Amino acid sequence: PTAGAIVFAASLGNISHVNTVLAIIAGLFISGSIHAVKSLTIRPTVTAATGGIGNIPVSIAEDATSTSVSILSIIIPIIAICLLIIIIVIVSVVLIKRKRKRTRIKSGDL
């Protein structure tokens, strides 16, 4: 939770002018609540239901999910920018073709 608070405060300082102490408290609250849910509800339930055997697969699933989300948080903005560029190019080409077609119709070159 402490690392989450520090990362939250550091990243928030780049986009807004929020007090650092407030950002650390918010980060502690967010990361602490996620940690509490995992450690107080999910882990004991898995341990009780499987006799401890399910802890390893759950840990692996948590790691895989965390890694996937981290990778997606980097890849999705890049894909979005590429799609935006492609859409802008397609719309520009269509508009240029329409304008040329209108110009030909007006000049009688049809």
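Worth a mention:
- J(HN,Hα) series, segment 44-52, from Karplus relation 6.51 cos²θ - 1.76 cosθ + 1.60, nearest Hz, glycine and proline x: x, 5, 5, 4, 5, 6, 10, x, x
- Global form of segment 64-110, assessed from the alpha-carbon gyration tensor, a/c cut-off 1.5: prolate
- Phi angles across segment 86-97 convert, under the Karplus curve 6.51 cos²θ - 1.76 cosθ + 1.60 with θ = phi - 60°, into 3J(HN,Hα) values of 4, 5, 4, 5, 4, 5, 5, 4, 5, 5, 5, 5 Hz, Gly and Pro given as x.
- Cα gyration tensor, segment 18-71 - rounded (a/c under 1.5), prolate or oblate: oblate
- The slack in the chain from Val37 to Ile53, taken as 0.36 nm per residue of separation less the alpha-carbon distance, amounts to 3.8 nm.
- Placed amide H near Gly54: partners under 5 Å, 5+ positions off or other chain: none
Coordinate-derived values only; no laboratory data. For clarity, every value in this text was computed on a predicted model and none was experimentally measured.
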